[in-house]
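Participant: Here it is, the structure, as C-alpha cells.
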Amino acid sequence: MERTTFDAFSSVAFLWRMLDLPQEALDSLDLPSDGECLPSSFRVDVLAQSTVAASALVAALFWSHRNGCSMPRVTVPAEHACVEFKSERLYTLNGKAASPPWGAIGGFYQAADGYVRIHDSFPNHREIALRILGLPQDASKEVVAQEVSRWKSVELEAKGFRSGAVIAALRSLDQWDALPQGKAIADHPVLLTRLATSELRMPLARTPKVMGKCLEGIRVVEMSRVIAAPVAGKTLAAHGADVIWITSPHLPDLPDLDIDLSRGKRTVQLDISKAEGRAKLLDLLSTADVFLQSYRPGSLAAKGLSAEELTKANPSLIVASLSAYGPGNSWSLNRGFDSLVQTCCGINVAEAERYGAGEPIRILPCQAFDHGAGYLLATGIMAALYKRATAGGAYEVIVSLAGVMKFMRSLGRYDGKSGFDRKDFKSPEDVKRYLELRQTHFGELKAVTHSARIKGLSVGWDVMPKPLGSDTAHWL
C-alpha cells in the first residue's frame with residue numbers, strides 16, 4: 001500500500017487493518033494538527049502522533065469491550081505527541097535538567113573508508129570497544145579516533161557484533177536496502193502471532209468504569225533496558241496496568257533515563273541466574289497477562305524463558321519482545337540501539353544529503369525509533385489482550401527498531417529542506433505547558449504528561465520513580 005501521503009489518521013488506520021481490529025473504532029479517534037514539530041526530512045511527527053494514537057485507541061477498545069460500553073473519544077494532539085517523543089530529555093529533577101546517557105567515547109568517528117558510530121551508554125560496551133581497538137580503558141576520544149581511522153568501517157562493525165560491542169558503520173539508504181538484512185525487514189512494524197489456544201480471558205477491573213483506567217487488573221512483567229521497551233511498559237502503566245519492572249542487581253542501570261521511563265512502574269530486582277530469583281520470576285509469570293522484554297534475541301530463551309516455554313506454563317500469556325533488527329535475518333541476534341539503527345540503515349546520510357550543508361552525518365531530532373517502537377509494542381500488546389478477550393489464546397508480539405525505521409521511511413519525506421523548518425524542543429522551558437509536577441523518592445520531578453486523552457477515563461501515572469528494587473515480587 002502506498003503510504004507516502006499518509007497523515008497521522010491514515011497511519012493509524014493502516015496499523016489497525018494490519019492488526020485486524022474493528023474498523024468502527026477509528027470513528028472515535030480525534031487527531032488535532034496543532035503544530036509542525038520535530039525538524040527532519042522524514043515525517044517523524046506523523047510517526048509520533050500515529051503511534052501514540054494507535055496505543056490509546058486500542059486501550060479504549062479493550063476498555064469498551066470489557067465494560068460492554070460504546071467507544072470513548074480518544075484525542076492525541078500532534079505537538080504533545082512530538083514532545084512526548086523527547087520525554088527523557090525534557091524533565092527536571094529538583095530543578096536540574098536531564099543528562100544525556102552517553103559515555104566518554106560514544107559518538108561518530110572517521111574510519112579509513114567512511115564513518116562508524118560507537119555506543120557506550122553501558123560500561124561493558126565501552127570496555128569491549130576499547131579492547132577491540134587495543135586501547136586502555138582510560139583512552140580519550142582523541143586516541144580512539146586515531147585508532148578507528150586505521151579500520152575499515154564495515155570490518156570494525158562486524159568485529160563489534162562478534163565481540164559484544166555496539167558499533168555501526170555509516171551507510172546510505174541505497175547501501176542498506178541492498179543488504180540481505182535490509183531486504184528481510186518485515187513491511188509491517190508490529191508482528192502479532194497466536195501461539196496457543198486457550199479460553200477467553202478478561203481480568204476484572206478493580207474500580208467503577210467511570211473515570212477508571214483502561215487496563216486496570218492487567219498484570220505486566222517487564223524486563224527491559226534503555227528506551228524502547230520501557231516506553232511500552234510506561235504506556236501500559238499510564239492506562240492502569242500493574243507493571244513490575246524487573247532489573248538485575250548485576251547489570252548496570254541508566255539512572256537519568258530511568259527517572260522518566262520508570263514512571264508508573266513498581267521495581268523489583270531479581271538474579272534469575274540463581275534458583276530463588278528464577279523461581280520468583282516464574283511465579284510472577286504464571287499469573288501474569290503480559291511478559292515484556294528487550295534483552296538480546298535468544299538470551300532469555302537460553303535460560304528457558306522462550307515464548308513457547310512460557311506459554312506452556314501460562315496458556316493465556318502474551319509475550320512481547322523488542323529487538324534491534326527483527327526476526328528472520330542475518331542480523332537478528334545483533335545488539336543495537338536507536339542511534340546505531342539511524343547510522344547503519346541510511347537515515348543519518350539521508351538527512352545530511354537533504355539538509356545540504358555539506359556534512360556527512362545528520363541525526364534525527366529525537367530517538368524516533370525507540371519511542372515509535374515503544375508505542376507500537378504497547379499497541380501490539382493491547383491488541384493481543386483484546387484478541388485474547390474475544391477469541392482466547394496466547395500471543396507473541398514482536399517489534400524491532402529497524403522495522404519502525406522502515407515504517408517511518410514508508411510514510412515519505414517532506415519536500416526539499418522544508419521539513420527542517422519545523423519546531424523543536426530543546427529544554428524543559430520549551431514545553432512547560434506539557435509538564436506535570438510530582439513528588440518522588442528522589443525529589444521534585446517535572447516531566448512530560450502522556451499525550452493521549454480518553455473521554456471519561458483517567459490516563460497517567462500513579463507510581464513515581466524510586467530506587468531499583470524498592471518493591472516486592474507480588475501482584476497488587
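Participant: Just to check your reading of the model, which residue among Ser451, Ser458 is at pLDDT 95 or above, open to solvent by 30 Å² or more (accessible area, probe 1.4 Å), part of a loop (DSSP other than H, G, I, E, B) and not β-branched (Val, Ile, Thr)?
Facilitator: Going through Ser451, Ser458 in turn, just one is at pLDDT 95 or above, open to solvent by 30 Å² or more (accessible area, probe 1.4 Å), part of a loop (DSSP other than H, G, I, E, B) and not β-branched (Val, Ile, Thr): Ser458.
Participant: Take the conditions closer than 22 Å to Pro365 by Cβ and either in contact with a His (Cβ under 9 Å, 6 or more places away or on another chain) or surrounded by 15 or more Cβ atoms within 10 Å (Cβ to Cβ) (or both) and apply them to Ser41. Does it pass?
Facilitator: yes
Participant: Same structure, new question: Pick from the stretch 276-297 the residues that are part of a loop (DSSP other than H, G, I, E, B) and open to solvent by 50 Å² or more (accessible area, probe 1.4 Å): which of them is nearest to Arg89 (Cα to Cα)?
Facilitator: Arg296
Participant: Quick one: is Glu147 modelled with pLDDT of 95 or more and open to solvent by 30 Å² or more (accessible area, probe 1.4 Å)?
Facilitator: yes
Participant: In the stretch 124-136, how many residues are in a loop (DSSP other than H, G, I, E, B) and either small (Gly, Ala, Ser) or within 16 Å of Trp102 (Cα to Cα) (or both)?
Facilitator: Total satisfying the criteria: 1.
Participant: A follow-up question, please. Output the residues belonging to the stretch 398-448 that are part of a strand (DSSP E or B), open to solvent by 20 Å² or more (accessible area, probe 1.4 Å) and among the hydrophobic types (A, V, I, L, M, F, W, C).
Facilitator: Ile398, Leu435, Leu437
Participant: Do we have Asp421 as under 30 Å from Met1 (Cα atoms) and without any contact (Cβ under 8 Å) to a residue 60 or more places away in the chain here?
Facilitator: No.
Participant: Return the total of residues in the stretch 150-177 being among the polar types (S, T, N, Q) and either exposed (fewer than 14 other Cβ atoms within 10 Å of the Cβ) or touching a helix residue (DSSP H, G or I) at 6+ places or on another chain (Cβ under 7 Å) (or both).
Facilitator: Qualifying residue count for the region: 2.
Participant: Conditions: (1) in contact (Cβ under 8 Å) with a residue 40 or more places away in the chain; (2) surrounded by fewer than 24 Cβ atoms within 10 Å (Cβ to Cβ); (3) not in a loop (DSSP other than H, G, I, E, B). Leu21 meets all but one. Number of the miss?
Facilitator: Single failed check for Leu21: (3).
Participant: Now a separate question. For the stretch 66-75, enumerate the residues that are within 15 Å of Met382 (Cβ to Cβ) and modelled with pLDDT of 95 or more.
Facilitator: Met71, Pro72, Val74
Participant: List the number of the failed condition for Glu127; all other conditions in (1) farther than 21 Å from Ile361 by Cβ; (2) surrounded by 15 or more Cβ atoms within 10 Å (Cβ to Cβ) hold.
Facilitator: The failed condition is (2).
Participant: Right, next: Determine which member of the set Ala60, Ala98 is under 21 Å from the mean Cα position of the chain (by Cα), surrounded by 23 or more Cβ atoms within 10 Å (Cβ to Cβ) and over 15 Å from Val231 (Cα atoms).
Facilitator: Ala60
Participant: Looking at Gly346, Gly374, Gly380, which one is buried (at least 24 other Cβ atoms within 10 Å of the Cβ), closer than 27 Å to Leu257 by Cα and either acidic (Asp, Glu) or touching a helix residue (DSSP H, G or I) at 6+ places or on another chain (Cβ under 6 Å) (or both)?
Facilitator: Gly374
Participant: Going by what's in this entry, would Ala111 be described as at pLDDT 95 or above and closer than 17 Å to Thr343 by Cα?
Facilitator: yes
Participant: Spot the failing condition for Leu26; the list is (1) assigned to a loop (DSSP other than H, G, I, E, B); (2) surrounded by fewer than 24 Cβ atoms within 10 Å (Cβ to Cβ), and only one is missed.
Facilitator: (1)
Participant: Further, regarding this structure: Restricting to the stretch 317-331, what's the tally of residues that are open to solvent by 10 Å² or more (accessible area, probe 1.4 Å) and in contact with an Asp or Glu (Cβ under 7 Å, 6 or more places away or on another chain)?
Facilitator: 0
Every residue, every condition in (1) outside any helix (DSSP H, G or I); (2) at pLDDT below 95; (3) open to solvent by 30 Å² or more (accessible area, probe 1.4 Å); (4) within 22 Å of Val116 (Cα to Cα), yes or no:
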position	(1), (2), (3), (4)
Ser299	yes, yes, yes, no
Leu305	yes, yes, no, no
Leu333	yes, yes, yes, yes
Glu351	no, no, no, yes
Arg354	no, no, yes, yes
Ala357	yes, no, yes, yes
Leu364	yes, no, no, yes
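Participant: State all residues of the stretch 227-255 that are surrounded by fewer than 19 Cβ atoms within 10 Å (Cβ to Cβ) and of a type in the set (Gly, Ala, Ser); if no residue qualifies, say none.
Facilitator: Ser248
Participant: Let me ask something additional. From the list Ser10, Ser70, which residue is in a loop (DSSP other than H, G, I, E, B) and open to solvent by 30 Å² or more (accessible area, probe 1.4 Å)?
Facilitator: Answer to the check: Ser70.
Participant: Name the one entry in Ser224, Ser273 that is among the small types (Gly, Ala, Ser), surrounded by 18 or more Cβ atoms within 10 Å (Cβ to Cβ) and modelled with pLDDT under 95.
Facilitator: Just one listed residue meets the conditions, Ser224.
Participant: Report whether or not Val116 is modelled with pLDDT of 95 or more and of a type outside the set (D, E, K, R).
Facilitator: Criteria met by Val116.
The values are calculated or read from the model by the stated rules, or taken from the named source; none is laboratory data. Treat the numbers as computed from the prediction; the structure is a model and nothing was measured. For neighbour counting, all protein chains shown are included, and Cβ atoms are generated from backbone atoms with ideal geometry for every residue, glycine included. Accessible surface is based on the protein model in full, side chains and every heavy atom, while ligands, DNA and RNA are left aside. Shrake-Rupley method; radii C 1.70, N 1.55, O 1.52, S 1.80 Å.
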